[in-house]
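Taking it in order: structure first as C-alpha coordinates, then the write-up.
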Amino acid sequence: MDKSGKNTDILYIIIPAYNEEANLPSLIDEWYPVIERHSGGGLSRLVIIDDGSTDDTRSIAEAYSLEKELLVIISKENGGHGQAVLYGYKYALSNNAQYIFQTDSDRQTSPDDFESFWRQRERFDAVIGNRYMREDGVSRILVSKTVSLTLAAMLHVFIKDANTPYRLMKASALSDCIKYIDDGEIIPNIMLTAVFKRRNYKILYKDIQFKARSAGKNSLDLKKISKIGSGALLRMKKLDERLRADNT
(Lines give C-alpha, C1' and ligand atoms only; values in the text may rest on other atoms or scores of the structure.)
Protein backbone atom coordinates (compact mmCIF):
# COMPACT_ATOMS: atom_id res chain seq x y z
CA MET A 1 0.00 0.00 0.00
CA ASP A 2 1.08 3.60 -0.52
CA LYS A 3 1.13 6.28 2.17
CA SER A 4 -2.55 7.03 1.66
CA GLY A 5 -3.45 3.41 2.35
CA LYS A 6 -4.36 2.67 -1.27
CA ASN A 7 -3.39 -0.75 -2.55
CA THR A 8 -0.62 -0.61 -5.15
CA ASP A 9 -0.15 -4.32 -5.87
CA ILE A 10 0.29 -4.84 -9.61
CA LEU A 11 -2.34 -7.20 -11.01
CA TYR A 12 -2.47 -8.66 -14.51
CA ILE A 13 -5.74 -10.29 -15.56
CA ILE A 14 -5.08 -12.70 -18.44
CA ILE A 15 -7.99 -13.71 -20.68
CA PRO A 16 -7.39 -15.81 -23.83
CA ALA A 17 -9.95 -15.35 -26.59
CA TYR A 18 -10.68 -17.18 -29.82
CA ASN A 19 -13.65 -16.16 -31.98
CA GLU A 20 -15.47 -14.54 -29.08
CA GLU A 21 -17.01 -11.54 -30.86
CA ALA A 22 -20.39 -12.31 -29.32
CA ASN A 23 -19.04 -12.37 -25.76
CA LEU A 24 -16.27 -9.79 -25.87
CA PRO A 25 -18.16 -6.50 -25.31
CA SER A 26 -19.91 -7.85 -22.21
CA LEU A 27 -16.72 -9.53 -21.04
CA ILE A 28 -14.72 -6.30 -21.12
CA ASP A 29 -17.56 -4.33 -19.53
CA GLU A 30 -17.64 -6.86 -16.68
CA TRP A 31 -13.91 -7.18 -16.04
CA TYR A 32 -12.58 -3.69 -16.71
CA PRO A 33 -14.02 -2.29 -13.46
CA VAL A 34 -12.06 -4.99 -11.61
CA ILE A 35 -8.74 -3.83 -13.02
CA GLU A 36 -9.70 -0.22 -12.35
CA ARG A 37 -10.29 -1.05 -8.68
CA HIS A 38 -6.91 -2.77 -8.53
CA SER A 39 -4.97 -0.49 -10.84
CA GLY A 40 -1.65 -0.90 -9.03
CA GLY A 41 -0.85 2.79 -9.33
CA GLY A 42 -1.69 2.64 -13.04
CA LEU A 43 0.53 -0.38 -13.71
CA SER A 44 -2.07 -3.18 -13.59
CA ARG A 45 -3.48 -4.47 -16.88
CA LEU A 46 -6.44 -6.40 -18.27
CA VAL A 47 -4.84 -8.44 -21.06
CA ILE A 48 -6.88 -10.04 -23.85
CA ILE A 49 -4.84 -12.62 -25.78
CA ASP A 50 -6.41 -12.91 -29.23
CA ASP A 51 -5.41 -16.40 -30.33
CA GLY A 52 -5.65 -15.87 -34.08
CA SER A 53 -9.40 -15.28 -34.19
CA THR A 54 -11.06 -15.34 -37.60
CA ASP A 55 -14.06 -13.21 -36.58
CA ASP A 56 -14.16 -9.64 -35.23
CA THR A 57 -12.68 -10.46 -31.81
CA ARG A 58 -9.50 -8.49 -32.45
CA SER A 59 -11.14 -5.39 -33.93
CA ILE A 60 -13.73 -5.21 -31.14
CA ALA A 61 -11.05 -5.54 -28.46
CA GLU A 62 -8.80 -2.95 -30.09
CA ALA A 63 -11.68 -0.47 -30.32
CA TYR A 64 -12.26 -0.84 -26.58
CA SER A 65 -8.55 -0.40 -25.84
CA LEU A 66 -8.57 3.07 -27.43
CA GLU A 67 -10.71 4.31 -24.54
CA LYS A 68 -9.51 2.03 -21.73
CA GLU A 69 -5.89 2.68 -20.83
CA LEU A 70 -5.52 -0.41 -18.61
CA LEU A 71 -6.70 -2.74 -21.40
CA VAL A 72 -4.03 -4.43 -23.55
CA ILE A 73 -4.76 -6.48 -26.66
CA ILE A 74 -2.19 -8.99 -27.86
CA SER A 75 -2.76 -10.85 -31.12
CA LYS A 76 -0.85 -14.04 -31.92
CA GLU A 77 -1.07 -16.90 -34.36
CA ASN A 78 -3.59 -19.55 -33.37
CA GLY A 79 -1.98 -22.12 -31.11
CA GLY A 80 -4.90 -23.22 -28.96
CA HIS A 81 -6.20 -22.20 -25.56
CA GLY A 82 -3.28 -23.60 -23.57
CA GLN A 83 -0.69 -21.79 -25.66
CA ALA A 84 -2.60 -18.53 -25.27
CA VAL A 85 -2.71 -18.98 -21.50
CA LEU A 86 1.03 -19.64 -21.32
CA TYR A 87 1.74 -16.65 -23.55
CA GLY A 88 -0.29 -14.47 -21.22
CA TYR A 89 1.44 -15.74 -18.09
CA LYS A 90 4.88 -15.08 -19.55
CA TYR A 91 3.80 -11.65 -20.73
CA ALA A 92 2.59 -10.76 -17.23
CA LEU A 93 5.79 -12.01 -15.60
CA SER A 94 7.95 -10.09 -18.07
CA ASN A 95 6.06 -6.90 -17.23
CA ASN A 96 6.64 -7.13 -13.48
CA ALA A 97 3.19 -8.25 -12.43
CA GLN A 98 3.01 -9.13 -8.75
CA TYR A 99 -0.23 -11.10 -9.05
CA ILE A 100 -1.60 -12.90 -12.10
CA PHE A 101 -5.23 -13.84 -12.48
CA GLN A 102 -6.56 -15.98 -15.33
CA THR A 103 -10.06 -16.60 -16.54
CA ASP A 104 -11.68 -17.41 -19.89
CA SER A 105 -13.57 -15.29 -22.40
CA ASP A 106 -16.73 -17.40 -22.61
CA ARG A 107 -18.31 -15.64 -19.61
CA GLN A 108 -18.94 -18.87 -17.72
CA THR A 109 -17.18 -17.33 -14.73
CA SER A 110 -18.17 -14.18 -12.90
CA PRO A 111 -16.15 -11.17 -11.68
CA ASP A 112 -18.42 -11.22 -8.63
CA ASP A 113 -16.20 -13.95 -7.18
CA PHE A 114 -12.95 -12.05 -7.67
CA GLU A 115 -12.80 -9.94 -4.51
CA SER A 116 -12.98 -12.98 -2.23
CA PHE A 117 -9.93 -14.34 -4.09
CA TRP A 118 -8.08 -11.04 -3.89
CA ARG A 119 -8.51 -10.83 -0.13
CA GLN A 120 -6.57 -14.08 0.22
CA ARG A 121 -3.64 -13.08 -2.01
CA GLU A 122 -1.10 -12.53 0.78
CA ARG A 123 -1.94 -15.67 2.75
CA PHE A 124 -1.75 -18.08 -0.20
CA ASP A 125 0.50 -18.56 -3.20
CA ALA A 126 -2.44 -19.56 -5.38
CA VAL A 127 -6.19 -19.24 -5.00
CA ILE A 128 -7.92 -21.61 -7.41
CA GLY A 129 -11.60 -21.88 -8.17
CA ASN A 130 -13.57 -25.04 -7.54
CA ARG A 131 -16.53 -25.37 -9.90
CA TYR A 132 -18.86 -26.86 -7.33
CA MET A 133 -22.03 -26.26 -9.36
CA ARG A 134 -21.41 -26.58 -13.08
CA GLU A 135 -23.78 -25.81 -15.92
CA ASP A 136 -21.49 -26.86 -18.80
CA GLY A 137 -22.74 -30.43 -19.23
CA VAL A 138 -22.15 -33.89 -17.81
CA SER A 139 -19.45 -34.76 -20.34
CA ARG A 140 -17.16 -31.96 -19.17
CA ILE A 141 -17.74 -32.83 -15.54
CA LEU A 142 -16.63 -36.39 -16.34
CA VAL A 143 -13.52 -35.05 -18.08
CA SER A 144 -12.62 -33.06 -14.94
CA LYS A 145 -13.06 -36.11 -12.72
CA THR A 146 -10.87 -38.15 -15.09
CA VAL A 147 -8.19 -35.46 -14.93
CA SER A 148 -8.21 -35.59 -11.12
CA LEU A 149 -7.78 -39.38 -11.11
CA THR A 150 -5.03 -39.17 -13.73
CA LEU A 151 -3.09 -36.58 -11.73
CA ALA A 152 -3.37 -38.77 -8.64
CA ALA A 153 -1.96 -41.75 -10.57
CA MET A 154 0.73 -40.00 -12.59
CA LEU A 155 1.82 -37.04 -10.45
CA HIS A 156 0.78 -38.29 -7.00
CA VAL A 157 -1.40 -35.32 -6.14
CA PHE A 158 -5.14 -35.17 -5.66
CA ILE A 159 -6.73 -32.02 -6.98
CA LYS A 160 -10.48 -31.78 -7.16
CA ASP A 161 -10.62 -29.32 -10.08
CA ALA A 162 -7.20 -28.87 -11.66
CA ASN A 163 -8.21 -27.02 -14.82
CA THR A 164 -10.45 -24.31 -13.44
CA PRO A 165 -10.17 -21.13 -15.52
CA TYR A 166 -10.33 -18.94 -12.43
CA ARG A 167 -7.06 -18.64 -10.55
CA LEU A 168 -5.07 -15.95 -8.77
CA MET A 169 -1.34 -16.59 -8.37
CA LYS A 170 1.60 -14.81 -6.82
CA ALA A 171 4.08 -13.97 -9.55
CA SER A 172 6.95 -15.34 -7.46
CA ALA A 173 5.31 -18.75 -7.20
CA LEU A 174 4.20 -18.82 -10.84
CA SER A 175 7.70 -17.85 -11.97
CA ASP A 176 9.11 -20.84 -10.10
CA CYS A 177 6.48 -23.33 -11.28
CA ILE A 178 6.26 -22.31 -14.92
CA LYS A 179 9.86 -23.35 -15.54
CA TYR A 180 8.68 -26.96 -15.30
CA ILE A 181 6.13 -26.45 -18.09
CA ASP A 182 7.22 -27.05 -21.67
CA ASP A 183 6.70 -24.18 -24.11
CA GLY A 184 4.38 -26.32 -26.23
CA GLU A 185 2.23 -27.58 -23.35
CA ILE A 186 -1.46 -27.60 -24.32
CA ILE A 187 -2.90 -28.10 -20.82
CA PRO A 188 -0.71 -25.72 -18.81
CA ASN A 189 -3.22 -24.97 -16.04
CA ILE A 190 -3.57 -28.66 -15.21
CA MET A 191 0.19 -29.13 -15.15
CA LEU A 192 0.79 -25.91 -13.20
CA THR A 193 -1.74 -26.85 -10.53
CA ALA A 194 0.09 -30.14 -10.03
CA VAL A 195 3.46 -28.37 -9.85
CA PHE A 196 2.16 -25.88 -7.28
CA LYS A 197 1.04 -28.84 -5.20
CA ARG A 198 4.26 -30.81 -5.61
CA ARG A 199 6.39 -27.75 -4.85
CA ASN A 200 4.47 -27.35 -1.58
CA TYR A 201 3.06 -23.91 -2.31
CA LYS A 202 0.10 -22.82 -0.24
CA ILE A 203 -3.09 -23.27 -2.26
CA LEU A 204 -6.61 -22.28 -1.33
CA TYR A 205 -9.52 -23.76 -3.26
CA LYS A 206 -12.63 -21.59 -3.31
CA ASP A 207 -16.05 -22.45 -4.69
CA ILE A 208 -17.05 -20.38 -7.70
CA GLN A 209 -20.03 -19.97 -9.97
CA PHE A 210 -19.68 -21.70 -13.35
CA LYS A 211 -22.44 -20.91 -15.79
CA ALA A 212 -23.34 -22.29 -19.19
CA ARG A 213 -21.75 -20.47 -22.11
CA SER A 214 -24.01 -17.51 -22.93
CA ALA A 215 -22.95 -17.05 -26.56
CA GLY A 216 -20.55 -18.40 -29.15
CA LYS A 217 -19.26 -21.92 -29.58
CA ASN A 218 -16.76 -23.84 -27.48
CA SER A 219 -13.65 -24.62 -29.53
CA LEU A 220 -13.13 -27.94 -27.71
CA ASP A 221 -15.39 -30.92 -28.32
CA LEU A 222 -15.05 -34.39 -26.79
CA LYS A 223 -13.05 -35.65 -29.76
CA LYS A 224 -10.47 -32.89 -29.33
CA ILE A 225 -10.38 -33.42 -25.58
CA SER A 226 -9.69 -37.15 -26.09
CA LYS A 227 -6.87 -36.31 -28.49
CA ILE A 228 -5.35 -33.91 -25.97
CA GLY A 229 -5.49 -36.61 -23.30
CA SER A 230 -3.74 -39.22 -25.43
CA GLY A 231 -0.37 -37.48 -25.17
CA ALA A 232 -0.83 -36.07 -21.68
CA LEU A 233 0.17 -39.25 -19.85
CA LEU A 234 3.67 -39.22 -21.32
CA ARG A 235 4.09 -35.52 -20.55
CA MET A 236 2.92 -36.10 -16.96
CA LYS A 237 5.45 -38.90 -16.60
CA LYS A 238 8.24 -36.58 -17.77
CA LEU A 239 7.02 -33.82 -15.47
CA ASP A 240 7.04 -36.23 -12.53
CA GLU A 241 10.65 -37.16 -13.34
CA ARG A 242 11.73 -33.50 -13.47
CA LEU A 243 10.05 -32.76 -10.14
CA ARG A 244 11.61 -35.84 -8.52
CA ALA A 245 15.05 -34.84 -9.81
CA ASP A 246 14.75 -31.42 -8.20
CA ASN A 247 13.83 -32.98 -4.86
CA THR A 248 16.84 -35.28 -4.72
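The values are calculated or read from the model by the stated rules, or taken from the named source; none is laboratory data. Quick caveat, the model's predicted, so the values are computed rather than measured. Cβ placement follows ideal geometry from the backbone for every residue including glycine, while neighbour counts extend to all protein chains displayed. Just so you know, the surface numbers come from the protein's heavy atoms only, side chains and all, with ligands and any DNA or RNA stripped out. Shrake-Rupley method; radii C 1.70, N 1.55, O 1.52, S 1.80 Å.
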Result row for the chain, helices from DSSP H with C-alpha axial extent 18 Å or more and mean Kyte hydropathy at least 0.0, is 138-154
Under a point-charge model restricted to the Cβ atoms of Lys and Arg (+1) and Asp and Glu (-1), what is the dipole moment magnitude of the chain relative to its Cα centre, in debye to the nearest 20? 1180 debye
Of all DSSP beta bridges located in the chain, what percent are antiparallel, nearest 5? 25 percent
Quantify, in whole percent, the carbon and sulfur part of the accessible surface of the chain (1.4 Å probe; protein heavy atoms only). 50 percent
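Within 10 Å, at most 13 other Cβ atoms, and a DSSP state outside H, G, I, E, B define an exposed site. Report the longest part of the chain free of exposed GluC sites (Glu not before Pro).
Excluding the exposed sites themselves, the longest stretch runs over 136-248.
Keeping every protein chain in place, order 206, 211 by accessible area at 1.4 Å, biggest value first, i.e. largest first. Spell out each step's value before the answer.
Working: 206 55, 211 75 Å².
Heavy-atom accessible area, descending, gives 211, 206.
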For a 18 Å ceiling on Cα separation, which of these pairs sit above it: 197/238; 170/206; 90/160? 90/160
Listed values (i) 24, 21, 17; (ii) 27, 23, 17; (iii) 34, 19, 17, entry calculated as semi-axes √(5λ) of the Cα gyration tensor in Å: (ii)
Charge dipole magnitude, Cβ of K and R +1, D and E -1 - the range 1-111, Cα centre, debye nearest 20: 560 debye
Pick out, from 11, 70, 54, the residue whose Cα sits farthest towards the positive end of the charge dipole of the chain, with +1 on the Cβ of Lys and Arg and -1 on the Cβ of Asp and Glu. 11
Less than 15 Å apart at the alpha-carbon level, and either on another chain or at least 8 residues along: which aspartates and glutamates does that give for residue 202? 122, 125, 176
Skip the ligands, DNA and RNA, and give the accessible area per residue of the chain with a 1.4 Å probe, whole Å². 48 Å²
Which aspartates and glutamates have a Cα lying under 16 Å from the Cα of residue 68, excluding residues fewer than 8 positions away in the same chain? 29, 30, 36
Once fully extended, how much extra length lies between residue 78 and residue 132, figured as 0.36 nm per residue of separation less the alpha-carbon to alpha-carbon distance? 16.3 nm
